[in-house]
Amino acid sequence: QVQLVESGGGLVQPGGSLRLSCVANSGIIFNSMAWHRQAPGKQREAVAIIITDRGVTRYGDGVKGRFAISRDNAKSMVYLQMNSLKPEDTAVYFCNAVRTVHSYWGQGIQVTVSS
C-alpha cells in the first residue's frame, strides 16, 4: 500500500519561509505529484503540481512567485518551498501523488503563519 508522509510544517512569522517535504514509501514512479491545502472552513485547493517526468509545474493563483515545487524521482520525494508567507497561507497542507487512475494522499501537515 502506498503511503505518503509529509514533513517540514510548523509555525512561522509573516514573511518567513518553510520547506515541506513528502516521501512515498514505495518505489513507484508517479505521473504527477502535487501539494494541496485546506484552511479552516474552506474547501481543499490545489497549491502546486509537477509532472514528474518532464518537470512541468503549475501553481495556484495565490502562491505564484512565492512557492516553488520540485521533485526527486529517485527518492520518490516532492518538495514545496514556501517564501514570503502570509497569514492566509495558514492551512493543512496535503501531499498528493497520481499514477494512472490511482490517487494517493498524505495525512496532512499544519502550516501556521502568525506573528
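The values are calculated or read from the model by the stated rules, or taken from the named source; none is laboratory data. Just so you know, these numbers come straight off a predicted model, no measurement behind them. As a convention, Cβ positions derive from the backbone with ideal geometry for all residues, glycine included, and neighbour counts pool all protein chains shown. Keep in mind that these areas ignore ligands, DNA and RNA; they rest on the heavy atoms of the full protein, side chains included. Shrake-Rupley method; radii C 1.70, N 1.55, O 1.52, S 1.80 Å.
Laid out as a table, the results:
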quantity	calculated
In sequence order, calculated HN-Hα J values of the range 101-115 (Karplus, 6.51, -1.76, 1.60; Hz; x Gly/Pro)	9, 9, 10, 10, 10, x, 7, x, 9, 7, 10, 10, 10, 7, 8
Under Karplus coefficients 6.51, -1.76 and 1.60, residue-wise ³J(HN,Hα) of the range 64-69 in Hz, glycine/proline x	4, x, 10, 10, 9, 9
Zero-based 10 Å bins, Cα pair distances in the range 11-115, whole percents	16, 50, 28, 6, 0
Probe 1.4 Å, accessible area per residue of the range 1-57, Å²	56
Global form of the range 27-72, assessed from the alpha-carbon gyration tensor, a/c cut-off 1.5	oblate
Per-q log10 I(q)/I(0), the range 1-52, q = 0.28 Å⁻¹ (Debye; single scatterer per alpha-carbon; no solvent)	-1.26
Rounded to 5, the percent of DSSP beta bridges in the chain classed as antiparallel	95
Label-point separation in nm, GLN110 to ASP61, each point 7 Å along Cα→Cβ	3.0
Per-residue HN-Hα couplings for the range 28-34 [Karplus 6.51, -1.76, 1.60; θ = phi - 60°; Hz; x = Gly/Pro]	5, 9, 7, 6, 8, 9, 8
Ranked packing of 107-113, 59-65, most packed first, by mean Cβ within 10 Å	107-113, 59-65
Residue among SER21, SER84, SER70 with the largest mean-square fluctuation in a Gaussian network model of the chain, springs linking Cα atoms under 10 Å	SER84
Qualifying lysines (Cα of each under 30 Å from Cα of LYS42; at least 8 residues distant if same chain)	LYS64, LYS86
Share of carbon and sulfur in the accessible heavy-atom surface of the chain [1.4 Å probe, %]	49
